[in-house]
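Read-outs throughout are calculated quantities, based only on the coordinates presented, and are distinct from any laboratory measurement. Because the structure is predicted, anything quoted here is derived from the model rather than measured. Note: ideal-geometry Cβ built from the backbone for every residue, glycine included; neighbour counts use all protein chains shown.
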Amino acid sequence: MAKTYILILITLICLPIRCCFVVRPKKIFEEPIIAVAVLWDTDTIYIRSNNYLTLTNQDRITNIPVNTLLMVIENQDSIAVLKNNKIILKNASQITFESEGEINIGYNSKTMTAYHNKILIKKGIVHRFPTIHNLTAINILPIEEYLYGVVSSEIGEAKENEYESIKAQAVCARSYTMSLLGQRKDFDIYGSYLYDQEYKGTAREYPLAIKAVNETRGEIMQYKNEPILAQYHACCGGRTTFGRYPYLQPIIDAPNHSRHKKPYCQDSPYFEWNMKIGRDSFESTILKLAGIPYKFRLNPKLEINKKTKRVEYFKFKSDKEYKVSAESFRKALNLRSTFFTCKIKNDSTEIIGHGWGHGIGLCQYGAMAMARQKITYKNILKHYYSNIKFFRAY
Ligand SMILES: [Zn+2]
């Protein structure tokens with residue numbers, strides 16, 4: 001009896017201790033399979049593989065011999081597939097191609113890009129920009145394989161002594177991608193830096209990028225337990241700028257974020273740039289953006305954000321006060337950034353600028369310089385993103 005009491009007592013004492021030590025299981029995911037839009041706004045897609053190709057339309061499977069060139073076209077309201085100008089499949093709304101080898105696809109048969117795994121071709125996807133044609137090709141593959149291509153394209157020039165910056169780039173690109181999973185209807189991400197991240201399939205996969213992706217496998221940055229939209233750009237010009245989220249804060253890109261120290265990206269060829277244009281074209285660009293159809297002399301004021309030093313607006317008065325966004329001005333003149341000042345003279349305007357890109361998040365030239373100074377990839381990332389935590393998602 002006494003023994004039973006002692007046992008119960010021990011159990012009761014140990015129970016709360018055990019509870020304290022119970023570790024809540026972490027979310028363990030399998031490596032996600034992602035869908036990357038690689039061709040869009042086209043009525044024709046050429047496809048060929050260096051191995052056997054399997055073409056699937058609903059439940060119907062067609063085997064295509066090695067190195068056969070196929071043409072996928074829009075055919076009224078559906079998709080058709082042609083081989084030697086003969087239709088081998090029609091009336092499909094979507095088709096998939098799979099191969100053990102490389103699948104080459106392109107807008108024409110001369111410039112094709114190689115991808116792995118699976119290509120889905122779909123009709124009628126609505127894009128975030130206006131399109132004329134209706135076909136979209138989507139590469140479906142495991143995220144880590146996709147990252148081999150992205151990291152190679154995005155920071156391909158980084159050298160052996162800048163290796164930590166390549167690892168930082170891998171964690172950024174993975175976090176960015178993971179934050180978009182399930183957010184869009186027909187695919188996860190665009191394979192272009194214009195909309196998301198540059199991805200050129202297996203044609204651009206560099207050994208150091210592959211190594212960096214493998215060594216950081218599954219590792220992402222999180223904010224409040226969610227993957228962060230880790231934006232990055234080529235060169236900040238000395239300061240980064242605000243993004244949409246609290247972890248994308250403007251920072252001074254120098255040791256300890258100090259304005260008294262030399263910026264990390266100062267040796268970048270894009271740290272400072274300038275451009276001279278005629279006073280007339282400077283003024284007509286601003287007037288056009290303001291929607292004013294006639295010309296007159298104007299002396300616009302630059303509205304500069306105190307914290308980021310980037311131009312936000314050009315302001316000028318005519319019949320009323322006008323505001324033109326610096327971002328639209330940047331696009332119209334193909335400027336590298338909105339981090340600039342203008343010297344307006346009688347017949348010309350000089351634009352003196354800093355950096356290349358939107359200036360949000362990690363600065364690639366800064367990250368490469370930090371890596372050369374033996375700073376680890378985690379410390380590089382903590383320098384550019386505020387209050388983030390590292391997490392291994394799978
Ligand atoms: Zn920088």
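Annotations
- Loop-located trypsin sites (Lys or Arg not before Pro) in segment 28-114, at most 11 other Cβ atoms within 10 Å (DSSP): K110
- When the chymotrypsin sites (Phe, Trp or Tyr not before Pro) in segment 130-223 are filtered for DSSP coil states and for at most 16 other beta-carbon atoms within 10 Å of their beta-carbon, the remaining sites are Y193, Y195.
- Evaluated on segment 78-220, the Kirkwood hydrodynamic radius is 16.5 Å, with distances taken between all distinct Cα atoms.
- Placed amide H near L89: partners under 5 Å, 5+ positions off or other chain: V81
- Rounded Å value of the spacing that divides the Cα centres of segment 271-336 and segment 188-239: 32
- Low-density loop cleavage sites - trypsin sites (Lys or Arg not before Pro) in segment 145-208, where at most 15 other Cβ are within 10 Å (DSSP): K159, R184, K185
- Residues whose amide H comes within less than 5 Å of that of N75, counting only those at least five positions distant or on another chain, are A80 (H built at 1.01 Å from N in the peptide plane).
- Local electrostatic count at R336 - Lys and Arg +1, Asp and Glu -1, tallied over other residues with Cβ under 13 Å: +1
- Taking a straight line from the alpha carbon of K118, these aspartates and glutamates sit under 17 Å away, with near neighbours fewer than eight places off in the same chain left out: E31, D59, E98, E100, E102, E144, E145, D186, D188.
- Relative contact order of segment 272-354, pairs being alpha-carbon contacts under 8 Å that are 6 or more residues apart, as %: 36
- Cut-off 9 Å between beta-carbons: net charge of the residues surrounding A367, Lys and Arg +1, Asp and Glu -1: -2
- Debye equation applied to the C-alpha atoms of the chain, log10 I(q)/I(0) at 0.09, 0.12 Å⁻¹: -0.69, -1.02
- Using θ = phi - 60° in the Karplus curve 6.51 cos²θ - 1.76 cosθ + 1.60, the 3J(HN,Hα) couplings for segment 233-249 round to 8, 5, 8, 8, x, x, 8, 8, 10, 5, x, 6, 10, x, 7, 9, 9 Hz; x is entered for Gly and Pro.
- When the listed pairs K306/K389; K295/K315; K307/K331; K122/K167; K295/K323 are checked against a 25 Å cut-off, the alpha-carbon distance exceeds it for K306/K389; K122/K167.
- For L39, distant residues with modelled amide H under 5 Å away: A137
- Under 9 Å, Cβ to Cβ, from N117 - net charge with Lys/Arg +1 and Asp/Glu -1: -1
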